[in-house]
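Taking it in order: structure first as structure tokens, then the write-up.
Every number here is computed from the coordinates shown, using simple stated rules; none is lab data. Keep in mind it's a predicted model, so treat the numbers as computed, not measured. FYI the Cβ positions are ideal-geometry reconstructions off the backbone, even for glycines, and counts take in every protein chain you see.
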Amino acid sequence: MPTLAWIAVGIIVLTSVGLLLTRDWRTGIIMLAVQYLAMFVLTLSHLPLGMASVKVVSGWMAAAILGMTRSDINEPVEEESLWPQGRLFRVFVAIMIGLIVATAATTVNEIMADAGLAVTAGSLLLIGMGLLHLGITSSVLRVTQGLLTVMTGFEILYSAVEQSALVLALLAVINLGLALVGSYLMIASNPRQTEIS
């Protein structure tokens, strides 16, 4: 199980950096869905299979909502015109977040009652990369992906502390609510789509 958890952390590194670098919305949705699969693997160390499955299914539903909404928008969504756009800058900042997570993971693991170093590192990495994503983008789809990434990291860390089914359901509803709000804002920000309807 520890080897599988570290493989999931490696997948989290690839998908979270990929979300920062990709310009194609389809690739971003796929990476978000794979990120939820890695979350499933990490939460299995603290939750039963059924409860961990709820997390991955709600995450995949959120990714599907975003993907279906974006595929209905015919005209290409405007890329962000704000700085920083360079991929080299994004890779550099992602490396900085990775270094911060590597130094803080051991301390946070001790504070979180030994949740597991892989679980702690994966969750902190998702939270950090999600916050970075929120800080450098203005696109509605990318902001929603960043919020879902932060929530994913929080859910992984929180599953080590609380295994309540009610809290699990509340977090699933929050994920779906974020996806629905993001979909609504994507449709509302597209002038041609609002004129047709």
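Things to note:
- Stokes-Einstein, applied to the Kirkwood radius of segment 2-196 over Cα pairs at a viscosity of 0.890 mPa s and 25 °C, places its translational diffusion at 145 µm² s⁻¹.
- Placing R0 at 25 angstrom, the Cβ-Cβ distance between L99 and T3 gives a FRET efficiency of 0.60 after rounding to 0.05.
- Nearest-0.05 FRET efficiency for I187 and Q163, computed from C-beta distance (R0 30 Å): 0.20
- Segment 2-196, relative contact order [Cα under 8 Å, separation at least 6], %: 29 percent
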